[in-house]
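Encoded as structure tokens, the structure appears first; notes follow it.
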Amino acid sequence: MRKSLEAIGVTGWKSKLLGVLILAAVVAGVAHLLTSRHDAPAMRVLFIGNSFTYYNGGIDQQLQGLDPSIATQTECVGGYTLADHLSAGAALEKIRRGGWSYVVLQEQSQTPALSPQSFAQSARAFDQAIRSVKAKTVLLMTWERPDSVQMGVTTASLSEACRQVGSQLNAIVAPVGEAFAASLAQRPSLALTAPDGHPTPAGTYLAACVLYGRITRHSPVGDSFGPDNADERDYLQRIAAETLGY
């Protein structure tokens with residue numbers, strides 16, 4: 001190094017200074033690389049669904065609150081079924097961009113119970129696209145709708161349909177609907193849905209806790225993020241953990 005520096009007329013203290021500057025630049029470059037890797041999201045999650053996902057700021061935002069290292073994006077349109085998303089094409093386009101860890105599929109809330117074949121066909125088509133980019137499919141089980149119970153949209157029918165498709169596809173099932181039922185059985189005064197089935201803020205938070213527990217394999221119990229009411233936050237975290245068997 002000294003000979004090469006002297007060859008261009010840099011000697012003595014100038015040579016030493018230049019050497020120090022070169023070393024500093026190398027160290028700074030390595031530090032930047034390490035920092036960039038550290039700042040990269042631990043996982044990237046894409047949500048495909050409708051208003052049941054995007055209400056109250058969205059399950060995606062609540063998931064990020066529980067774990068800020070998770071990056072999320074959504075493709076949610078009010079009233080859409082998974083078949084609608086397939087026809088529209090935007091959801092498939094986002095999946096094909098790649099880089100996802102998980103893609104969460106939220107079917108229209110009545111479809112799994114009333115049209116299980118349509119649900120299964122759409123989920124299978126999405127699962128193929130998801131697997132092609134090395135991501136994992138998550139089926140978000142929705143919950144019993146007060147306005148549709150008489151039509152057969154119940155916790156039991158939704159759970160059966162979702163778990164059956166999950167088994168066929170070897171996909172992850174986030175049993176949100178089962179957590180809703182467990183919560184309402186223990187604390188019926190805590191409303192999780194509106195009469196039309198849309199989630200309340202507490203319902204959206206519970207859904208996020210279940211999803212968080214399923215994809216991270218960690219219990220949400222003890223997380224500081226959640227409702228201002230600490231008792232409600234701790235209760236919903238516990239219900240999610242119990243539903244998942246943590």
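Quick notes on this one:
- Extension gain for the segment Thr200 to Gln164, taken as residue separation times 0.36 nm less the Cα-Cα distance, is 10.2 nm to one decimal.
- Net charge in the neighbourhood of Asp67 (other residues with Cβ under 13 Å of its Cβ; Lys, Arg +1, Asp, Glu -1) is +1.
- Loop-located trypsin sites (Lys or Arg not before Pro) in segment 64-160 whose Cβ has at most 11 other Cβ within 10 Å (DSSP): Arg97, Lys134
- Positive dipole terminus of segment 42-244, leading residue within Gln117, Cys76, Ala129 (C-beta point charges): Ala129
- Extension gain for Met151 to Met43 (0.36 nm times residue separation, less C-alpha to C-alpha distance): 35.1 nm.
- Sum of side-chain charges, Val221 neighbourhood, beta-carbon under 9 Å (Lys, Arg +1; Asp, Glu -1): -1
- Cubic angstrom per residue, convex hull over Cα atoms of segment 36-155: 104
Rule-based calculations on the coordinates, nothing more; no lab input. None of the values given here were measured: they were computed from a predicted structure. Note: ideal-geometry Cβ built from the backbone for every residue, glycine included; neighbour counts use all protein chains shown.
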